[in-house]
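Take a look at the structure set out below.
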Amino acid sequence: MKPYERKVLLERVGREGATVGADIPDRIEVQGEAIDLRTFVFEIKRRETVPAGERERVEQAKKNLRRERRERIERIEAGDITREEGEELASSVIGIDRALNALESLGPTDLEREQRVRETADTKRWMSFLQKALGKDTSANARGGR
């Protein structure tokens, strides 16, 4: 592949709107394992929220897709491929980006955890208030106050 062809491909995959109108690949090989990517993404997207049992699977899939994307871009950057291979890699990177965008747009995936965090913060604020109200402010005592 010629340097200017490589540059054009890299600009194409790095373009802000590159995923507009792009399709998620039906099947893709990620880390040596074939994945039915489109089916996986649509299966996850059709739910309101990601079920507790699927969260880890979705996070691992996103991590693997990011790694695969980076490796494919590095292959294009190396330039030790034909123009056709570069075109295929660029298209697959855009498809991976499309899948990642879909998976990232799922919103909060752990509502129970967020609720526990809020409740813990509320409890800490309440305990702090009670300690101050009862004159047991440990932070003031530790600083040499009162």
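Quick note: the coordinates plus some simple rules give every number you see, no bench work behind them. Note that the structure is a prediction, hence the values are computed from the model and not measured. Methodologically, a virtual Cβ is constructed for each residue, glycine included, from the backbone with ideal geometry; neighbour enumeration extends over all protein chains shown.
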- Task: With a point put 7 Å past each Cα toward its Cβ, work out how far Ser105 is from Glu74 in nm, to one decimal.
- Result: 3.0
- Query: Given the options Gly79, Gly14, Gly135, which has the most mean-square fluctuation in a GNM of the chain, springs set between C-alpha atoms less than 10 angstrom apart?
  - Reply: Gly135
- Task: Taking amide H positions as placed in the peptide plane 1.01 Å from N, state which residues far from Val30 in sequence (5 or more) or on other chains have amide H under 5 Å from it.
- Result: Ile35
- Tell me the label-point distance for the pair Phe42, Glu11, using the 7 Å Cα-to-Cβ offset, in nm and rounded to one decimal. 3.5
- Semi-axes a, b, c in Å (a largest) for the chain, each sqrt of 5 times a Cα gyration tensor eigenvalue, come to 48, 20, 12
- Query: Among Arg38, Arg116, Arg66, which one shows the biggest mean-square fluctuation in a GNM of the chain, springs joining Cα atoms closer than 10 Å?
  - Reply: Arg116
- Query: So what's the angle, to the nearest 10 degrees on a 0 to 90 scale, between helix 52-78 and the longest Cα principal axis of the chain?
  - Reply: 40
- Relative to the longest principal axis of the C-alpha atoms of the chain, give the angle of the C-alpha long axis of helix 3-14, reported between 0 and 90° and rounded to the nearest 10°. 40
- Where is the GNM fluctuation largest for the chain (alpha-carbon springs, 10 angstrom cutoff): Val30, Val50, Val117? Val117
- Under the rule of -39500 (n - 2.57) per DSSP H run of 4 or more residues, summed and divided by the residues of the chain, what mean residue ellipticity at 222 nm is obtained, to the nearest 500 deg cm²/dmol? -22500 deg cm²/dmol
- Query: Simple spin-label model, 7 Å along Cα-to-Cβ: Ala34 to Met127 in nm?
  - Reply: 5.4
- Query: Among the GluC sites (Glu not before Pro) within the range 1-45, which fall in a DSSP loop and have no more than 11 other Cβ atoms within 10 Å of their own Cβ?
  - Reply: Glu16
